[in-house]
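Colleague: This is the structure I have questions about; it appears just below.
The values are calculated or read from the model by the stated rules, or taken from the named source; none is laboratory data. Treat the numbers as computed from the prediction; the structure is a model and nothing was measured. Note that each Cβ is placed from the backbone with ideal geometry, even for glycine, and that neighbours are counted across all protein chains shown. Quick note on the areas: whole protein, heavy atoms, side chains included, nothing else; ligands and nucleic acids left out. Shrake-Rupley method; radii C 1.70, N 1.55, O 1.52, S 1.80 Å.
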Amino acid sequence: MPSNEQRRQAAKRKLERQLQRRAEQAKRRRVITIGATIVVVIAVVVGVFYFTRSGDNTAQQQPEQAQQPGGTSGPCAYSASGEQASKAVSLPPDPAQTPAQGAKNVTVQTNQGTIPVTLDRAKAPCTVQSFEHLVQAGYFDGTDCHRLTTGEGLRVLQCGDPTGTGTGGPGYSIKDEPPAGLAPAPSPYNRGGSVTYPRGTLAMAKSSQPNSGGSQFFMVYQDSYLPPDYTVFGTVGEEGLAVLDKVAAAGVQPVNGEGDGSPNLPVKIERAIASS
């Protein structure tokens, strides 16, 4: 029979062995943890390396994007607007000698009838050059005329925005070519030097900022009174005016206020064709 002292010594040795095993297990756990941490750190470093290298590649690609034309160097100086084009189209040609004489006929085929327009290079050579370019690129095809105004003093149908919201454009802007020879607006519309844009006028829409025209244009179906800031670049033929009269007679959904919004009779440009 072991004595009490022997039992105490045996228990002591057993406890020491347990403590030693626990210490060894803890040491192994620390080694495993450190190894796993090293693996994670290495993985993170490798990931950061490849991410930064990928970033470098992206940065190297940026100059290629920046090399996309930001503007033309000809006399019209078409400039990138900083906004994405609503429909893919390049900058217009800008030759050293901008054609500034003669007329160009364009047939605007809509779901409400044909609207023939005549572009006048002498009035606005750079605007006509851009409009021809958009027509030839099919930019207007399949787009809606998004705005009709029927209020006193402003009666126009506005088209040329592929988004149909009034905010879209071709991704470039055209310098203003202010109209000449327009009669002063009658009272009470003559405030601020407004002039008369007569029935049948084809003109460029723009924002309040100078040189902000792009692809949106408006056709005047009844004398309208505006500041002389809107480039006049052509006229609407009689057949087209009949279409505009029909659309105007159907009224407007006043989205932008009384007599200003989308036409009740939707107008879609199916195709615009320039004569050869």
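Colleague: Got the relative contact order for segment 160-276 handy, in percent, Cα pairs under 8 Å and 6 or more residues apart?
Modeller: Relative CO of segment 160-276 lands at 22 percent.
Colleague: So how much accessible area does Lys268 have, in Å² to the nearest 10, using a 1.4 Å probe?
Modeller: 80
Colleague: Work out how much length Ala242 to Ala80 would gain on full extension: take 0.36 nm times their residue separation and subtract the Cα-Cα distance, in nm to one decimal.
Modeller: Gain in length upon complete extension: 54.7 nm.
Colleague: With equal scatterers on the alpha carbons only and no solvent term, can you work out the Debye log10 of I(q)/I(0) for segment 156-253 at 0.14, 0.23 1/Å?
Modeller: -0.55, -1.29
Colleague: Quick check: at a probe of 1.4 Å, how many percent of the accessible area of segment 64-171 sits on carbon and sulfur atoms?
Modeller: Whole-percent figure for carbon plus sulfur exposure: 45.
Colleague: Separate question: Relative contact order for segment 180-246: what percent, with Cα pairs under 8 Å and sequence separation of 6 or more?
Modeller: Contact order relative to length: 33 percent.
Colleague: Determine the gain in length on full extension of the stretch Leu265-Ser207; use 0.36 nm per residue of separation and subtract their C-alpha separation, reporting nm with one decimal.
Modeller: Extra length from Leu265 to Ser207 when fully extended: 18.3 nm.
Colleague: Please report the carbon-and-sulfur percent of the accessible area for segment 186-247; probe 1.4 Å, protein heavy atoms only, DNA, RNA and ligands left out.
Modeller: Accessible surface attributable to carbon and sulfur in segment 186-247 totals 50 percent.
Colleague: Could I ask something else about it? Along the Cα→Cβ direction, 7 angstrom out, place labels at Thr163 and Asn111. What is the inter-label distance in nm?
Modeller: 2.1
Colleague: What does the C-alpha gyration tensor say about the overall shape of segment 87-190? Classify as rounded when a/c is under 1.5, otherwise prolate if a/b is larger than b/c, or oblate.
Modeller: oblate
Colleague: Over segment 63-134, what portion of Cα pair distances is larger than 15 Å, expressed as a whole percent?
Modeller: Result for the distance tail: 63 percent.
Colleague: Can you run phi through the Karplus equation (6.51, -1.76, 1.60; θ = phi - 60°) for segment 89-104 and list ³J(HN,Hα) in whole Hz, with x for Gly and Pro?
Modeller: Running phi through 6.51 cos²θ - 1.76 cosθ + 1.60 with θ = phi - 60° gives 7, 8, 5, x, x, 9, x, 4, 10, 6, x, 10, 9, x, 10, 9 Hz.
Colleague: Using Cα centres only, tell me the gap between segment 212-276 and segment 112-129 in whole Å.
Modeller: Computed from Cα coordinates, the inter-centre distance equals 13 Å.
Colleague: For segment 207-247, what does the accessible surface come to per residue with a 1.4 Å probe? Please give it in Å².
Modeller: Value returned for segment 207-247: 40 Å² of accessible area per residue.
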